[in-house]
Amino acid sequence: MTIEYSNETQKQYEFMEKASGYVAELAKKLGRTPTCHVVTFGCQMNAKDSEKILGILKRIGYEAIESEEADFVLFNTCTVRDNANQRVYGRLGVLNGFKRKNPHMKIALCGCMMQEQEVIDKIRKSYSFVDLIFGTHNIFKFAELVCAVFESKSMIVDIWKDTNEIVEDLPVERKYAFKSGVNIMFGCNNFCSYCIVPYVRGRERSRNPKDIIREIENMVADGVVEVMLLGQNVNSYGKNLEEPVTFSELLKEVEQIEGLKRIRFMTSHPKDLSDELIEVMKHSQKICRHLHLPLQSGSDRILKAMNRRYTKAQYLELVDKIRTAMPDIAITTDIIVGFPGETKEDVLETIDVVKKSGFENAFTFIYSKRTGTPAAAMEDQVPEDIVKENFDLLLKAVQETARNNTGHLEEQIVEVLVEEPNEQDTSMVTGRMSNNTLVHFKGSKDLIGQLVNVRLKTCYGFYYVGEPV
Ligand code: SF4
């Protein structure tokens, strides 16, 4: 079947041809194949963007290596918390050292952090050795920007405020042969008051279901058995399409793809997780028995200030509905501690939800002030020592709850997707159950990418050790 490329896709392949010429010239000069290295900070959306960037770098002639001492290094940045920014500035200094030794080296920065004007100003002023800066909205233009870098002596900066553009069919270099993330939409319209994402990832726009299905079919033909459907809030999928499609309808279509064994998705916002979605999950043979359902806080007062648009009672009712429909499901969550104005009573409300929801795991974060978000301007920023105290209290409750909720699967036989060799013991491999729990068991590397049956023997909190059957 011949694919009809959009004009923009066609144009970008022409720029890849042109960039290949520059890289070939560099190879002649160096007397070897030029190398590249892509560093990804942050979430799975960023990891997916990095696979696209690496796909283009390889297509134009670079060879990917593990070291940052490469001829082309790109940092795909995150800005969800301040420490992510600080890490990038720290690592840039090291790159400058490498560039002093290899003046032909190219350094590029992209991702969410680059959508902040103060960051661009700081890099222009203090990190002028950087060759290219672009954002989250024009990743598809990467080949065109690489050409500009080869043609110019000064720093190229190309940041877009927003876009409606979705460019398909560009090269992708997947990290895993057997599983892959699949963007189904970009951006977020929820504007939770602490979150910078809507300002750096723009307004929600969904990919055409036909393009998503075609991408997954190609992946399955290429050996993928599990996909992770990605969106800041997948529940909003399809709303901006000419012919709107709901997320549940998309899931039903993905389920039809032959050869695909497992479907995962994230993230589902509790405010609009529909009964239809619960029904589709319940009756599915392929949708994994794991749901990540960010709570953030259990206090109605804080949830209101966060602009989360659900209450403690509504969240608990939703969890109850999901567990009743799928008793074998694992529910995990995200919780922020230290949101402005948060009191001990608020934290106790959150702990109450943790206990009543019985989370199999929870990712707990300390609130990070993000310039430009409503919460950053709020009074009553909570003192660090209080935040630390509350954080420890919550963590203890999360671990106790998780411990009480795992271990009940011992001696059961479950299907595990083998993902990698075990880090501690080379005679073992590591994989994930449908509910996303890790399992380690004796096996050779040949099993990687395969679904195998394992008898779970012992639970060690967040993982099991088992034996193949
Ligand atoms: S749903 Fe809220 S927390 Fe999630 S990306 Fe959107 S604004 Fe941020």
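The values are calculated or read from the model by the stated rules, or taken from the named source; none is laboratory data. Predicted model only: the values in this text are computed from it and were never measured. Counting neighbours? That spans all protein chains shown, and the Cβs are built from the backbone with ideal geometry, glycine included. These area figures cover heavy atoms from the full protein model, side chains too; ligands, DNA and RNA do not enter into them. Shrake-Rupley method; radii C 1.70, N 1.55, O 1.52, S 1.80 Å.
Quick notes
- Relative contact order (percent, whole number), the chain, Cα cutoff 8 Å, 6+ residue spacing: 10 percent
- Using heavy atoms of the protein chains and a probe of 1.4 Å, the accessible area assigned to Tyr176 is about 70 Å².
- Share of Cα-Cα pairs in the range 360-437 lying beyond 21 Å, as whole percent: 57 percent
- Carbon plus sulfur fraction of accessible area for the chain, probe 1.4 Å, in percent: 50 percent
- Note on Lys344/Val94: beta-carbon distance plugged into 1/(1 + (r/R0)^6) with R0 of 41 Å gives a FRET efficiency of 0.45.
- Of Ile413, Val353, Ile336, farthest towards positive along the dipole that unit charges on Lys, Arg, Asp, Glu beta carbons give the range 318-469: Ile413
- For a modelled paramagnetic label at Lys101, 7 Å from Cα along Cα-to-Cβ, the residues of the range 73-92 in reach, with backbone nitrogen under 18 Å, are 73-74, 91-92.
- Projected onto their three principal axes, the Cα atoms of the range 5-153 cover extents of 40, 40, 27 Å, largest first.
- 10 Å-binned pair-distance histogram of the range 68-196 (Cα, whole percent): 10, 39, 36, 14, 1
- Separation in nanometres of the label points that stand 7 Å from Cα toward Cβ, at Gln117 and Ile257: 4.1 nm
- The listed residues Lys344, Lys304 rank as Lys304, Lys344 when sorted by accessible area, largest first, using a 1.4 Å probe.
- Unpaired by the 4.7 Å Cβ criterion, cysteines found in the chain: Cys36, Cys43, Cys78, Cys110, Cys112, Cys147, Cys188, Cys288, Cys459
- Accessible-area ranking of Arg203, Arg370, Arg301, largest first, probe 1.4 Å: Arg301, Arg203, Arg370
- Equivalent-ellipsoid semi-axes of the range 87-132, from the Cα gyration tensor, Å, largest first: 19, 10, 10
- Gyration tensor analysis over the Cα atoms of the range 294-337 returns equivalent ellipsoid semi-axes of 22, 11, 6 Å (largest first, whole Å).
- Taking the range 143-183 and a reference point 7 angstrom along Cα→Cβ of Arg214, the backbone N atoms nearer than 19 Å belong to 165-173, 182-183.
- Rounded to the nearest 0.05, the FRET efficiency derived from the C-beta distance between Gln44 and Lys153 at R0 = 30 Å is 0.25.
- When only the Cβ of Lys, Arg, Asp and Glu is charged (+1, +1, -1, -1), the dipole of the range 1-147 relative to its Cα centre reaches about 460 debye.
- To the nearest 10, the accessible area of Phe363 is 90 Å² with a 1.4 Å probe.
- What you get for the range 289-338, charging only the Cβ of Lys and Arg (+1) and of Asp and Glu (-1), is a dipole of about 180 debye around the Cα centre.
- Principal axis extents of the Cα atoms in the range 1-93, from largest to smallest and rounded to whole angstrom, are 43, 37, 18.
- Here the dipole of the chain is about 880 debye; that uses its Cα centre as origin and unit charges on the Cβ of Lys and Arg (positive) and Asp and Glu (negative).
- Translational diffusion coefficient (Stokes-Einstein; Kirkwood radius from C-alpha pairs) of the range 97-167 at 37 °C, 0.692 mPa s, in µm²/s: 256 µm²/s
- Solvent exposure, largest accessible area first (probe 1.4 Å, DNA, RNA and ligands not counted), of Leu316, Leu26: Leu316, Leu26
- Multiplying the residue separation of Tyr463 and Arg403 by 0.36 nm and subtracting their alpha-carbon distance yields 20.6 nm.
- Unit charges at the beta carbon, dipole of the chain: most positive-side option, Thr401, Phe75, Pro171: Phe75
- Protein heavy-atom accessible surface, 1.4 Å probe, per residue over the chain: 45 Å².
- For the range 145-208: span of alpha carbons on each principal axis (Å, largest first): 41, 35, 22
- Note on Glu411 and Lys239: the model spin-label points, each 7 Å out from Cα along the C-beta direction, lie 4.9 nm apart.
- If R0 is taken as 45 Å, the Cβ-Cβ distance between Glu276 and Asp385 corresponds to a FRET efficiency of 0.45.
- In this label model, Glu173 and Ala27 are separated by 1.3 nm, measuring between points 7 Å along each Cα→Cβ vector.
- Considering helices alone, the calculated mean residue ellipticity of the chain at 222 nm is -11500 deg cm²/dmol, with DSSP H runs of length four and up weighted by -39500 (n - 2.57) and normalised per residue.
- Along its three principal directions, the equivalent ellipsoid of the chain from the Cα gyration tensor extends over semi-axes of 37, 28, 23 Å, largest first.
- For the chain, with +1 on Lys and Arg beta carbons and -1 on Asp and Glu, the positive-most of Gln314, Cys192, Thr136 along the dipole: Thr136
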